[in-house]
Amino acid sequence: MRNSILIIISLFFVQTFTFAQNSNRKVQLAILFDTSNSMDGLIDQAKTRIWNIVNEVSTLTFHGETPTIEIAIYQYGNDRLESSQGYIQQVTGLTTDLDLISQRLFALTTNGGSEYCGQVIGKSLSDLNWSTDVRDLKMIYIAGNESFTQGPVDFKKQCAIALEKGVIISTIFCGNKQEGINLHWKDGATCSEGDYFNIDSDASIVQIDTPYDQEIIKYNDSLNKTYYGFGAEGQQRKESQVNEDKNAEATSSNVAVERTVVKSKKGVYKNNSWDLIDAIENNNIKLEDIEEEELPEEFKGKSIAEKKALLAVEIKKREYYQKKIALLAQKRQAYIEVELKKQSSEQKDDFGTSLNRSIEIKAKKIGYEK
């Protein structure tokens, strides 16, 4: 009897330890945008780079495991925002919903205002659901072009709070490097062991067309057909997916390709709340538990066996298109790397390259690999 109890206790601890070891790691990014009058270029760069940033982050692994990517967006320094809130707005909290991030990012507009860096950092630290696990990468990126010391909140006190939470603050000054240093943007980064960058927010993003782009975009159309909206928001979210494709296409063909590559990554582009396949595969719901009126039209009026058979076919189709896109993406990336080496002049930092390099460096310090 005593041996049986010991075996049960041992199994419990083994299972608990295994669960802890296999629990999903997170990369949490809060991006704080100055949306005052002069920042149209910054927002345009962010729209151009957002899918590239997600793709780069998704190449990180922790002990062979791809982390969950959570992104939050704040805007500050915009006169249209509430003065009582310091002209600050949480555009979205930390979320894995990448279509929502795209939608809210493309909806940002600029207007004159007062830019309170310390206050917006403080809001993001207090409002967001930051992980308490030291193995998770937690970063705030704040971009703007006015003095870092404006406003009623001391940024140094917020840096101290960030250090306690294990959150790294990195700063991106939109302008001359020395001017940013004089305006304390470098101080805003180093006080929490973050990185300081300066960019020309009005410069055009360097984008390289490849022979694989059009085929990737073609597969995107096929991939979209495997998404089946269910429930109250299903149809609306399905339409949103298509709208964000259009937003990417309207920005540039490169952005459309980068978005499609993200959509090919099963563990990164997840739509458990509205897509039938993602919801069932991630154990959010069972097919037999969905009311008939909440099902997509293609699944209505069928027996459970017929529904499951159709679902199996669509899952196979999605996996096929995702693999096709992934293979083309590898070839595309190899082509881009060769072309970049041919360019004689050194490329200047932009919003995306700044984030990508910083994230990679900080991730490696806590055990992530690429």
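Observations
- Residue list for segment 199-223, filter: touching a Phe, Trp or Tyr at 6+ places or on another chain (Cβ under 9 Å) and farther than 18 Å from Ile280 by Cβ: Ile199, Ser201, Ile205, Ile208, Thr210, Pro211, Tyr212, Tyr219, Asn220, Ser222
- Segment 123-151, residues that are surrounded by fewer than 19 Cβ atoms within 10 Å (Cβ to Cβ) and assigned to a helix (DSSP H, G or I): Ser126, Asp127
- Whichever residue in segment 180-220 is over 24 Å from Ile361 (Cβ atoms) and among the acidic types (Asp, Glu) and, among such residues, is surrounded by the most Cβ atoms within 10 Å (Cβ to Cβ): Asp213
- Residue check, Ser83 surrounded by fewer than 22 Cβ atoms within 10 Å (Cβ to Cβ), free of Cβ contacts under 8 Å to residues at least 12 places away in the same chain and farther than 26 Å from Ser264 by Cβ: yes
- Residue in segment 53-108 that is farthest from Ala256 (Cα to Cα), counting only those that are among the hydrophobic types (A, V, I, L, M, F, W, C) and in a helix (DSSP H, G or I): Val57
- Qualifying residue in segment 355-366 (condition: buried (at least 17 other Cβ atoms within 10 Å of the Cβ), out of contact with any helix residue (DSSP H, G or I) (no Cβ under 8 Å at 6 or more places or on another chain) and assigned to a loop (DSSP other than H, G, I, E, B)): no
- Some residue of segment 166-174 being touching a His at 6+ places or on another chain (Cβ under 6 Å), in a loop (DSSP other than H, G, I, E, B) and not polar (S, T, N, Q): no
- Conditions (1) in a helix (DSSP H, G or I); (2) within 22 Å of Ile31 (Cα to Cα): number failed by Ala203: (1)
- Residue within segment 258-266 that is without any contact (Cβ under 8 Å) to a residue 60 or more places away in the chain, surrounded by 14 or more Cβ atoms within 10 Å (Cβ to Cβ), assigned to a helix (DSSP H, G or I) and within 23 Å of the chain's Cα centre (by Cα) present: no
- Screening segment 52-80 for residues that are of a type in the set (D, E, K, R) and under 15 Å from the mean Cα position of the chain (by Cα) and picking the one that is surrounded by the most Cβ atoms within 10 Å (Cβ to Cβ) gives Glu70.
Computed from the coordinates by the stated procedures, all read-outs in this text should not be read as laboratory data. Quick caveat, the model's predicted, so the values are computed rather than measured. Positions of Cβ are backbone-derived with ideal geometry, glycine not excepted, and every protein chain shown enters the neighbour counts.
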